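The values are calculated or read from the model by the stated rules, or taken from the named source; none is laboratory data. Just so it is clear, the model here is predicted, and its values are computed rather than measured. So basically every Cβ, Gly included, is an ideal-geometry build from the backbone, and we count neighbours across all protein chains shown. Heads up: the accessible areas ignore ligands, DNA and RNA and are worked out on the full protein's heavy atoms, side chains in. Shrake-Rupley method; radii C 1.70, N 1.55, O 1.52, S 1.80 Å.
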Amino acid sequence: MSHQIYQILHILGILMVFLGYGALLGRALAGSDCPRLKKMGSITSGIGLLLILVAGFGLIAKLGYSYGETWIWIKLAVWVALGGMIAAINRKPCCASKIWWILLALGTIAIAAVYWFRFL
Ligand code: HEM
């Protein structure tokens, strides 16, 4: 598979995580217990996390990056934190508005890692 396909899948994964988590947080903020929204949000974010990981490692292999590079470890840490957020969203609906901004901060760190930190 070409690295362009991995790049497309990687970014699609990011879109799916933020769409899914956005839906779950909207559900929490609205005080709704809509099961369909919970299912859509959980499945979409779950598939998104998998796509980010698989395509991310595909990009490492295709573009010849080494696993020792700090920016890649930063992104892996962000990915783990993003993955853990589903528990916070489901268990702490009262903190939905805080989680909203934490998610955006995590995304910003990952993007800064790829467009800035790796060139430092
Ligand atoms: C498992 C964790 C991750 C790994 C191993 C990983 C790995 C990579 C690699 C190797 C690249 C290619 C860099 C290049 O084009 O030279 C990349 C690009 C990118 N990653 Fe990740 N990434 C991970 C998680 C994330 C997360 C969580 C986000 C954002 C929320 C993210 C956002 C991006 C963006 C925006 C690009 C640039 C795409 C481009 O301009 O081609 N990544 N990632």
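Being at positive phi and of a type outside the set (A, V, I, L, M) is a property that holds for residue 64. Going by the structure shown, is residue 9 in a helix (DSSP H, G or I), open to solvent by 60 Å² or more (accessible area, probe 1.4 Å) and not β-branched (Val, Ile, Thr)? No; evaluated as a whole, the condition is false for this residue.
Within region 104-120, residues that are touching a residue at least 24 places away in the same chain (Cβ under 8 Å) sit with their Cβ atoms under 9 Å from residues that are charged (D, E, K, R) and surrounded by 15 or more Cβ atoms within 10 Å (Cβ to Cβ), at 6+ positions apart or across chains, in these pairs: 109/75; 110/75; 113/75; 114/75. Here residue 60 clears all of (1) within 11 Å of the ligand (Cβ to nearest atom); (2) farther than 21 Å from residue 114 by Cα except the condition numbered (2).
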